[in-house]
Structures are given as C-alpha cells and as structure tokens.
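Single-structure report; data block below.
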Amino acid sequence: MNYIKVKGTHDFTGVDAEELNALQSLFIKSCHKYKYNLHYVPVMEYSELYSRSVGEGSDIVRKEMYTFLDKGDRSITLRPEFTAGIIRSIVENKMYATEVLPIKSCYFGTCYRYERPQAGRYREFYQGGVECVGTRGVSSDTEIISLLLDFFKEIGIKDKVFIKLNYLGGEETRKNYSAALREYFSGHIDSMCADCKERLEINPLRILDCKVSEDQKVVEGAPKISEYLSEEDKNNLNEIISYLNGKGIKYEYDSGLVRGLDYYSGLVFEMYPVNNPKAEGALAGGGHYYGLVSEIGGGDLEGVGFSFGAERLLTYIHELGLTLPSCSAKRIYVMPLSKECLSYSEEVASTLRDNGYTVEVDYSFSKIGAMFKKAERLAMDLGVIIGTDEVNTNTVHLKDLKEKEEKTVSKTDIVKEIEK
Ligand code: AMP
C-alpha cells in the first residue's frame, strides 16, 4: 500500500521548511518588539468553545470544523483558529486577574478547517497572530496594525499590501443594524441561496459575506453599517483612519466587510495584495471584540487581534520574486582531503559551530570536485578545504561558493575572515 498525505494537507521539506521557520522567527521577533509574549495553546479544545465564540452562524462552525468524539464521548474539535483557544487559556488561568493588562499574546501554529482544497485554501494550514486582551479604545487596534506592517516590512511586502477596513460598532449599533438587515433581507430571502436563508435566522450580518453571484445584487442594496454608527463609534473610526493617514498606510473603507467569525465588534480589517485587491482569500485579517471574553467566562474585557496565513504569505512572497531574509546562520562545508586531515578539520568545524555557524563535515575523502558538487546541492555558502599543506602551515583554504572567490587564511583568523 502506498501512503499519501490527507487531502488538503502538505509537507514542508528543504527550502520550504526553512522558509516557514524563517517566517515564524521573523514574526515572533516583530511581536517581541511590541512586548507580545508567546502563548502556546492545545490543538484540541472542547467543541463548545468554538460554537459559542466563533459563532453558530459562521461557516467555520456550520460546516468546516474537524470534530470527533473521543473515547470518553466528549466532543473535541481541532482548532479552526486561535483566538478562542487563547481567550480560553487567559480566562482559565485567570491571567486577567494576575497579570498587567492588557495581556499581549502571540502565537504561530497549525489550524484545521474542512474546506474545499484549492490554491491558498487548505485543510491544515499555519496561522500566526496576536491577541491583546483587556484593552480600551482603539490604541491597541492601531498598535496591532503597526505590528503587522512592521512584520510585513521585515519580509519585504509592506508596500505591496493594502488594508480593507470596516467598523461594526458597539453592542447597541450591532443590534440595531442586525434588525435593519433582518427586515431588509426578509423581503428578498426567497430568491437567495440556502446558506443565506440559514444565516438570516442565526446572524443576518453573515449574509454580507455571501459569495454566490446571484445574491450579490441583493447584498449590495442592503443597509450600510455606516448609517447606524453611534457618535462614539464614529469617533473611534475617525481616530483609526487619521492614524492610518498619518502613517501613509493605504486603506479602503468597505462597509460590507464583516469577516467570517461572529465575535467581532468595532474595527474589522483584512489585508490584500495591492495587485489583487479582490483576491478570494485575504493575507491576514483581524478585529476588535467586546463580548468574546465574557462569553468564555472572563468578565467584561475587550480585546483585539489579527491572524495571517503563512502559506498565503509565502506564496505572495514568491509571486513577487522576493526571498525571505534568512534566519539561519551561514552554512559552511568543511572538506578534509584525506583521513590524516580529519582531526584538524573537526577542530576547525568545532570553532565555527561555537561561533554560531551551521557546519557540515564531508567524511567521504573523495575527489575535491565531487565534494564541491555535494556542497552545491546542499546550498552551502562557504567551503573550507583542508589538505596536508593547510595542516602543516596551520591554515585553511576558504572558498565562497556563491561568489567563487577563494583564499588561504590562518586557522586562528578563520572567523574574522568569514565575518568580513
Ligand atoms: P480567519 O481566521 O478566517 O480570519 O483567517 C485568517 C487568515 O488565515 C486568512 O487571512 C488566511 O491568510 C489564513 N487562512 C484562513 N483559512 C485558510 C485556509 N483554509 N488555508 C490557508 N490559509 C487560510
């Protein structure tokens, strides 16, 4: 029998694995600059956590969750997103009572959604993101946008994305707006898709997210949230917009943007490639939530967060012809030309490793040409050739495998020379 990977999942090997790791490291580095702390949560949670938080009306809960009964007949779900798990963890560990507010968490890991696999849409995918819990106003909203853009700058795409944003308003606004939508859509629902019929019952805001082309005319004619915003909502939205203008950040106000999860209120935003603003899938998305923490049992705390899809970012980086700044050390290939040179070569390798380099010693003692070929296949940066001449004169022969420059240097100067 030939074993194959589960549909919608993928392996990361070689350069792809290094890139994923580099993306994660660069993201966590950006988070640390803003004092966001790493937060690990389980892949499995009790299913109810997601139905209560992500929402019965969301596509995720309605059709995309990997849910199963464990041997104790408990309903378990593989995390379709991180926010609910992070909030559950903050509440369960009473972090809101013992730590300085706001609690600033960041994460990176796999998520699971039973979606129709296609480019940029997988059943297992990597998300990175942040949650800031116990905040007020919109300062943390703009801070997380700034963090995300700093990360995008690190990976070279800051000027290649733009933000779509909307303001869903506080509880009262959402209540009034939901009522207006329910009234409007009730008059059109007979001609709309089955999903929309269900959404009308559970959460009419979700209808704005409908992708069925026959429904778009009706959706376009729906009342706009901007007409329902309170004075406070408008002030918050203006504050966010003037922050973006002040920073010269490209954005588009889209009153139809609601995002796929039910817990948002206040700011919602998504980031898209500049050359493909109507792309089906966003690179990243996030927003502010009021009711989520109390829904999970943690009192009246507001939060804001975002998440990005690692696969989508890597695909975009490739489309732009960019390479990620490497997080790994320079790779050095040490080539002893004979067994007699081995212990000297291992000493050199050990000095290099102590100085943080990635070092592989070629133990084949084959012809130098064959060793260079291997070094090339391994994508090493630098070759260190050691023959009896080098051993006798306490030197090494360095060769830059990319630039092809070479020279003999004293063994004691090797690190200094490489750093040059
Ligand atoms: P969401 O949690 O739905 O707001 O998604 C946040 C980000 O995760 C999106 O902007 C995508 O970049 C990524 N994402 C969501 N679903 C998938 C998926 N099925 N496959 C790959 N990436 C995804």
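Every number here is computed from the coordinates shown, using simple stated rules; none is lab data. The shown structure was predicted, so the numbers you read here are calculated from the model rather than taken from an experiment. Cβ coordinates were reconstructed from backbone atoms using ideal geometry, including for glycine residues, and neighbour counts include every protein chain displayed.
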What is the local net charge at Ser366, summed over the other residues whose Cβ is closer than 11 Å to its Cβ (Lys, Arg +1; Asp, Glu -1)? +2
Comparing Gln216, Gln24, Gln118, which has the greatest mean-square fluctuation in the GNM of the chain with Cα pairs linked when under 10 Å apart? Gln118
For region 293-350, what does the alpha-carbon gyration tensor say about shape, rounded, prolate or oblate, given a ≥ b ≥ c as the root eigenvalues, a/c under 1.5 as rounded, and a/b over b/c as prolate? oblate
Along the charge dipole of the chain, Cβ charges K/R +1 and D/E -1, which of Ser350, Val219, Ser364 sits furthest on the positive end? Ser364
Between the helical axis of 231-247 and the dominant principal axis of the chain, each derived from Cα atoms, what acute angle in degrees is found, rounded to the nearest 10? 30 degrees
Cβ-Cβ FRET estimate between Leu69 and Val415, R0 fixed at 45 Å, reported to 0.05: 0.20
Within the chain: Cβ-based charge dipole about Cα centre, in debye rounded to nearest 20 (Lys, Arg +1; Asp, Glu -1): 620 debye
Added length on full extension, which subtracts the Cα-Cα distance from 0.36 nm per residue, Asn355 to Asn21: 118.1 nm
Share, in percent, of DSSP beta bridges within the chain that are antiparallel, nearest 5: 80 percent
Which value, in debye to the nearest 20, describes the size of the charge dipole of region 62-211 about its Cα centre when Lys and Arg Cβ atoms bear +1, Asp and Glu Cβ atoms bear -1, and nothing else is charged? 280 debye
Have a look at region 269-406 and give its Rg and Dmax from the Cα atoms, expressed in angstrom. 25.1, 74
Dividing the mean separation of Cα pairs under 8 Å (6+ apart) by the residue count of region 231-308 yields a relative contact order in percent of 21 percent
Relative contact order of the chain (C-alpha contacts under 8 Å, at least 6 apart) in percent is 16 percent
For a label point 7 angstrom out from the Cα of Arg136 toward its Cβ, which stretches of region 87-116 have the backbone nitrogen within less than 13 Å? 101-102
Contour minus Cα-Cα distance for Asn275 and Ile202 (0.36 nm per residue): 22.8 nm
Compute the distance from the alpha-carbon center of region 28-56 to that of region 147-161, in whole Å. 22 Å
How big is the charge dipole of region 31-71 about its Cα centre, in debye rounded to the nearest 20, if each Lys and Arg gets +1 on its Cβ and each Asp and Glu gets -1 on its Cβ? 260 debye
Over region 313-420, what relative contact order in percent results from Cα pairs under 8 Å that are six or more residues apart? 25 percent
Determine the shape class of the chain: with a ≥ b ≥ c the square roots of the Cα gyration tensor eigenvalues, call it rounded for a/c under 1.5, and otherwise prolate if a/b is greater than b/c, oblate otherwise. prolate
How much mean residue ellipticity at 222 nm does the chain get from its helices, if each DSSP H run of length 4 or more adds -39500 (n - 2.57) and you divide by all residues, to the nearest 500 deg cm²/dmol? -11000 deg cm²/dmol
With a point put 7 Å past each Cα toward its Cβ, work out how far Ala119 is from Lys217 in nm, to one decimal. 3.1 nm
Gyration tensor verdict on region 234-306 (Cα atoms; rounded if a/c is under 1.5, prolate if a/b is larger than b/c, oblate otherwise): oblate
Separation between the His10 and Lys247 pseudo-spin-labels, each 7 Å from Cα along Cα→Cβ, expressed in nm? 2.9 nm
Of every Cα-Cα pair in region 144-241, the percent that sits beyond 23 Å: 44 percent
Would you be so kind as to identify which of Asn392, Ala284, Gly298 lies farthest towards the positive end of the dipole of the chain, taking Lys and Arg as +1 and Asp and Glu as -1 on Cβ and the Cα centre as origin? Asn392
